[in-house]
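Scroll down for the structure; my scribbles are underneath it.
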Amino acid sequence: MKTLLKNVSLHGKKVDVLIEGNRFKKISESITEEADKTINCDGKAIEPAFYNCHTHISMTILKGLGDDKELHNWLIQDIWPREAKMIPQDIYYASKFAILEMIKGGTVFCNDMYQYGEETMKAIDEMGIRGVVSKPEIDIPTPNLLEKKKQIVQAFADYKNINEKRIIKGVSCHSVYTVSAEFLQFYSDIAKKYNMPIHIHACETKFEVERCLKKHGCTPIEYLEKFDLLTDKTILAHCVHLSDNDIQIIKKHNTKIAHCPVSNFKLKSGLMAFQKLHDEGVLVTLGTDGSASNNSLGMLEEMKVCALNAKTQANSSKAGNVNDIYKAATINGAKAFGIDAGVIEEGKIADFVLYDLNHYLLLPNYNLISNIVYAAQNDCITDVFCDGKQLMCNKKVENEEKIIEDFKKLAEKFKNVK
Ligand SMILES: [Zn+2]
């Protein structure tokens, strides 16, 4: 399949872009080659798509429940009773709706951690995006369930990947406060044996760090290192409370970070040192976290809040450079998972979005990247491609009405759970 984009703006210059299969074949001033599909892109700009590097997409079904509560009460009163009522099919419909939201906002990848990952995989496959899927089994405070939980993790590692091209199976240790030492070691062994990426919530709150220091005599980062859980295929979500030594350990192992500024603000977890980590050369990506603590899966908004967080934390208007933040949301996410994309160049995988340059939010067009990070909203995005395939055409995603209807029905089930 060949797709030809005519007259699209790339770095302020009009070009033609030819996509063959899943890659950019040719980018030049004028391409006359025949294509299966030709799209007139006058007035549109081509830019990389977004990679959401920490989320729990199906939690979208819990959006708007228990805002403004203290974390523990929120979990006990609003989240856990509903999660206990979830069946695999619910995760499938919630995931499809969440992916629809992501595509509308230019996101083509999620690093997901939630129960019934097999259903999330099915939704990712059908919707055409990419994803890393993992199931976070925990054994604190239920040590009697450890063996059963190990079997679930093992079964998922052995579960057949339904789309090797766009889906990666991973392991997720939820956190050092919900997973015992024995289980952490088990996760580490499984990740090594099956060469899977590792996904962990780490140093999200001050409480988590203090508890770990008290219980284990070291920080969560130092503790995870003991189990060989810090690798170049590990992504640590949040990392709000890191010591200087933690940063050096993360660097030593080439471990990646998923920064989730909106969730950190909403749960009052603290300000992450974006600029410091960037200056230290740590690969920082962006994630939205789940919609229960965000309450959106929008990467445009995440970038803006990332900039504001960086400036406030470093107490400097120079912190959180607009281009660095844009990279965190695009190419850094692709790099973190070894996806040969995140930039519009010949030979690269064609994951990209088209922006409407005449949209009022993108005017005046002095600096498109600045406009995308600080001013754009989903409505500025007209088309989305993943792996060379068009997922959104003129703001319409295939079957979106049905996906929305199914989700509305599902929401009835979770409205009044006690
Ligand atoms: Zn999370």
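Points worth noting:
- DSSP loop GluC sites (Glu not before Pro) with at most 16 other Cβ within 10 Å: longest gap in the chain: 165-279
- Order of 355, 366 under a 10 Å beta carbon neighbour criterion, fewest first: 366, 355
- For the chain, a crude dipole built from +1 on the beta carbon of Lys and Arg and -1 on the beta carbon of Asp and Glu, taken about the Cα centre, is about 320 debye to the nearest 20.
- Rounded if a/c under 1.5, otherwise prolate or oblate - the range 139-181, Cα gyration tensor axes: oblate
- The range 58-74-the range 203-232 distance, computed between alpha-carbon centres (Å): 26 Å
- Stretching residue 243 away from residue 377 to a fully extended chain increases their span by 44.7 nm, per 0.36 nm per residue minus the current alpha-carbon distance.
- Helix content alone sets the calculated 222 nm mean residue ellipticity of the chain: runs of n ≥ 4 DSSP H residues at -39500 (n - 2.57) each, divided across all residues, give -10500 deg cm²/dmol.
- Under the combined filter of DSSP loop state and at most 15 neighbouring Cβ atoms within 10 Å, the range 125-200 retains these chymotrypsin sites (Phe, Trp or Tyr not before Pro): 159.
- Sparsely packed trypsin sites (Lys or Arg not before Pro) within the range 260-369, loop by DSSP, other Cβ within 10 Å at most 12: 268, 318
- Contact order normalised by residue count of the chain, Cα under 8 Å, 6+ apart, percent: 20 percent
- As a calculated quantity, the FRET efficiency between residue 401 and residue 211 at R0 = 51 Å, using C-beta atoms, amounts to about 0.60.
- With Cα atoms defining each centre, the range 1-23 and the range 321-350 are spaced 17 Å apart in the structure.
- Note on residue 193 and residue 85: their simple-model spin labels are 3.8 nm apart, each label 7 Å out from Cα toward Cβ.
- Positive-end residue of 168, 243, 92, charge dipole of the chain with Cβ unit charges: 243
- Taking other Cβ atoms within 10 Å as a rough exposure proxy, 293, 243, 9 sort from fewest to most as 243, 9, 293.
- Helix 299-314 and the longest principal axis of the Cα set of the chain meet at an angle near 60°.
- Calculated FRET value between residue 38 and residue 393, using beta carbons and R₀ = 22 Å, to 0.05: 0.95
- For 150, 256, order by how many other beta-carbon atoms lie within 10 Å, fewest first: 150, 256
- The range 273-340: chymotrypsin sites (Phe, Trp or Tyr not before Pro) falling in loop per DSSP and having at most 16 other Cβ within 10 Å: none
- Using the Cβ-Cβ distance between residue 6 and residue 316 with R0 = 60 Å, the FRET efficiency computed as 1/(1 + (r/R0)^6) comes to roughly 0.85.
We did not get these values from a lab; they are worked out from the coordinates using the rules stated. Fair warning: this is a prediction, and the values are worked out from it, not measured in the lab. Quick reminder, even Gly has a Cβ in these numbers, built from the backbone with ideal geometry, and neighbours come from all protein chains shown.
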